[in-house]
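The structure appears below as structure tokens.
The values are calculated or read from the model by the stated rules, or taken from the named source; none is laboratory data. This is a predicted model, so every value here is computed, not measured. With ideal geometry, Cβ positions are generated from the backbone for all residues, glycine too; neighbour counts draw on all protein chains shown.
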Amino acid sequence: MDLRLKDKVALVTGGSHGLGKAICLSLAAEGAKVAVNFRRHPEKAGAVVEEIADRFAVEAFAVLGDVSSEADVTEMFRQTESQLGPLDVLLNNAAVCPTCRVKDMTQQQWSHTVRVNLTGTFLTCREMVRRLLQSGRTGRIVNISSQAAFRGSTTGHAPYDASKGGIVSFTVALAREVAAEGIAVNAVAPGMMRTEMTAETLAANERKYLDRIPLRRIGTVEEIADVAAFLASERASYMTGATVDVSGGMLMR
């Protein structure tokens with residue numbers, strides 16, 4: 001299926017590795033121009049840009065920015081539109097996930113996680129909506145949540161879980177607010193997948209997670225990325241305010 005993303009301009013936060021990288025590649029495979037946001041490791045973002053150019057021959061560039069900083073977000077959008085043109089798609093993927101039980105957690109750990117994961121999503125969405133409304137254009141926003149938003153976790157990720165739950169609620173609230181202007185806002189809630197973030201957990205006890213998943217396997221980042229790309233496209237034109245579970249059946253509803 002042609003997702004009709006050719007020449008659309010997309011910004012992917014946290015796009016230099018893991019799921020973010022897979023999303024960048026999935027969008028580029030459909031012909032979209034991609035801004036690969038990173039906060040650290042410019043070499044990784046640069047490698048994603050090179051891979052996009054080599055494999056798909058579409059425009060891409062790496063853009064530095066901390067999503068929890070208003071100034072960084074504004075500059076990230078400015079650079080993206082200067083380099084690639086007006087944005088059509090925002091995909092919020094940047095996140096942190098510290099491991100610590102609540103009884104031992106510092107306020108700084110809690111606040112930093114919520115600031116990056118939830119406030120960062122708010123800041124980028126706000127900037128995207130402002131620009132779309134100012135130019136009278138429509139667009140699509142896709143936020144990455146998690147199954148942890150609904151199920152919690154047993155390995156000490158309470159602020160991550162809470163922030164991802166907040167993203168689900170924020171997605172609904174924003175979708176209602178901007179639907180009449182032709183701006184769609186949806187979310188993806190991945191289940192367990194193989195990333196740098198989950199590598200240590202899976203190495204320690206993969207069987208525990210497999211037993212929870214009806215499909216009896218761990219997901220790939222590509223499987224999640226393809227769903228995100230669909231939601232970023234006009235093929236999902238009658239969807240807004242939805243959270244799509246991509247969990248191997250971990251959550252069925």
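Of the residues making up segment 102-121, those that are crowded, with 19+ Cβ neighbours inside 10 Å and aromatic (Phe, Trp, Tyr) number 0.
Please tell me if Glu50 is charged (D, E, K, R), surrounded by fewer than 23 Cβ atoms within 10 Å (Cβ to Cβ), touching an Asp or Glu at 6+ places or on another chain (Cβ under 9 Å) and at pLDDT 95 or above. Full working, then the answer.
Numbers: charged (D, E, K, R): yes; surrounded by fewer than 23 Cβ atoms within 10 Å (Cβ to Cβ): yes; touching an Asp or Glu at 6+ places or on another chain (Cβ under 9 Å): no; at pLDDT 95 or above: yes.
Against the criterion (charged (D, E, K, R), surrounded by fewer than 23 Cβ atoms within 10 Å (Cβ to Cβ), touching an Asp or Glu at 6+ places or on another chain (Cβ under 9 Å) and at pLDDT 95 or above), Glu50 does not qualify.
Is it the case, given these coordinates, that Val12 is at pLDDT 95 or above, crowded, with 24+ Cβ neighbours inside 10 Å, out of contact with any Phe, Trp or Tyr (no Cβ under 9 Å at 6 or more places or on another chain) and within 21 Å of Val246 (Cβ to Cβ)?
Values: at pLDDT 95 or above: yes; crowded, with 24+ Cβ neighbours inside 10 Å: yes; out of contact with any Phe, Trp or Tyr (no Cβ under 9 Å at 6 or more places or on another chain): yes; within 21 Å of Val246 (Cβ to Cβ): yes.
Criteria met by Val12.
Of all the residues in segment 212-233, those that are under 22 Å from Leu91 (Cβ atoms) and either out of contact with any Asp or Glu (no Cβ under 9 Å at 6 or more places or on another chain) or not small (Gly, Ala, Ser) (or both) number 12.
Name the residues in segment 58-81 that are among the β-branched types (Val, Ile, Thr), crowded, with 21+ Cβ neighbours inside 10 Å and outside any helix (DSSP H, G or I), would you?
Val63, Val67
Can you find a residue that is modelled with pLDDT of 95 or more and either in contact with a strand residue (DSSP E or B) (Cβ under 9 Å, 6 or more places away or on another chain) or more than 21 Å from Arg115 (Cα to Cα) (or both) anywhere in segment 154-166? Reasoning before the result, please.
Just the residues of segment 154-166 that are modelled with pLDDT of 95 or more, to begin with: 158-166.
Next, from what is left, pick out any that are either in contact with a strand residue (DSSP E or B) (Cβ under 9 Å, 6 or more places away or on another chain) or more than 21 Å from Arg115 (Cα to Cα) (or both): 164.
Yes, the conditions are met somewhere in segment 154-166.
There is at least one residue in segment 38-57 that is assigned to a helix (DSSP H, G or I) and either aromatic (Phe, Trp, Tyr) or touching a residue at least 40 places away in the same chain (Cβ under 8 Å) (or both). Within segment 73-91, being closer than 24 Å to Arg4 by Cα and touching a Leu at 6+ places or on another chain (Cβ under 9 Å) holds for Phe77, Thr80, Glu81, Leu84, Pro86, Leu87, Asp88, Val89, Leu90, Leu91.
The helices (runs of 4 or more DSSP H) located wholly in segment 141-253 that include 3 or more residues which are in contact (Cβ under 8 Å) with a residue 60 or more places away in the chain and within 16 Å of the chain's Cα centre (by Cα) occupy 158-178, 221-231.
Within the set Leu27, Leu84, Leu90, Leu5, the sole residue that is buried (at least 24 other Cβ atoms within 10 Å of the Cβ), of a type in the set (A, V, I, L, M), touching a residue at least 12 places away in the same chain (Cβ under 8 Å) and touching an Asp or Glu at 6+ places or on another chain (Cβ under 7 Å) turns out to be Leu5.
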